Amino acid sequence: MAREAPIYDLNLLLDPNAEDERRDKIVADVETLIDQHGGELVGRHDWGVRETAFEIRKLKQADYHLIQFYATNEVLEALDHTLKITDGVSRFRVIKLRPGTPEPPDLRAIAGGPEEQPPSEDE
């Protein structure tokens, strides 16, 4: 009995100093690579430029993307090879999701931070 391909998360951190067109091309190329090697896209979340926990190549920020997809080992090997040699990729991590994993948060909404609330009359 054949097992269904598992779902993976690709966390992709791109150089924020790269041109927008270059960053868009990297993400588009990743999606094309997944499709060409028998994978299937499930979702894509662009989280924008955010602070990193530590400096990566002397940069304190990165352009964050999350791409979710079904994949086989062939897809994972192609992604690993391609992303290691692609200029503009600061870091990437592929994570196999367990069944029942909740949906990723919408970090675009959180990125603006909490809006300033006027003090209530009770204070």
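Some points to look at:
- Looking only at region 85-123, and only at residues there that are among the polar types (S, T, N, Q) and outside any strand (DSSP E or B), the one that is modelled with the highest pLDDT: 86
- Tally of residues being within 14 Å of residue 68 (Cα to Cα) and of a type outside the set (Val, Ile, Thr) across region 1-37: 11
This table checks each residue for (1) open to solvent by 20 Å² or more (accessible area, probe 1.4 Å); (2) at pLDDT 90 or above.
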site: 5; (1), (2): yes, no
site: 10; (1), (2): no, yes
site: 16; (1), (2): yes, yes
site: 20; (1), (2): yes, yes
site: 27; (1), (2): no, yes
site: 30; (1), (2): no, yes
site: 41; (1), (2): yes, yes
site: 48; (1), (2): no, no
site: 67; (1), (2): no, yes
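- Within region 50-65, being small (Gly, Ala, Ser) and open to solvent by 60 Å² or more (accessible area, probe 1.4 Å) holds for one residue alone: 53.
- Hey, residue 91 within 14 Å of the chain's Cα centre (by Cα), open to solvent by 70 Å² or more (accessible area, probe 1.4 Å) and more than 19 Å from residue 4 (Cβ to Cβ) or not: yes
The values are calculated or read from the model by the stated rules, or taken from the named source; none is laboratory data. Predicted model only: the values in this text are computed from it and were never measured. Here Cβ is always computed from backbone atoms with ideal geometry, including for glycine, and neighbour counts include all displayed protein chains. Each accessible area value is taken on the protein alone, full model and side chains, heavy atoms only, with ligands, DNA and RNA left out. Shrake-Rupley method; radii C 1.70, N 1.55, O 1.52, S 1.80 Å.
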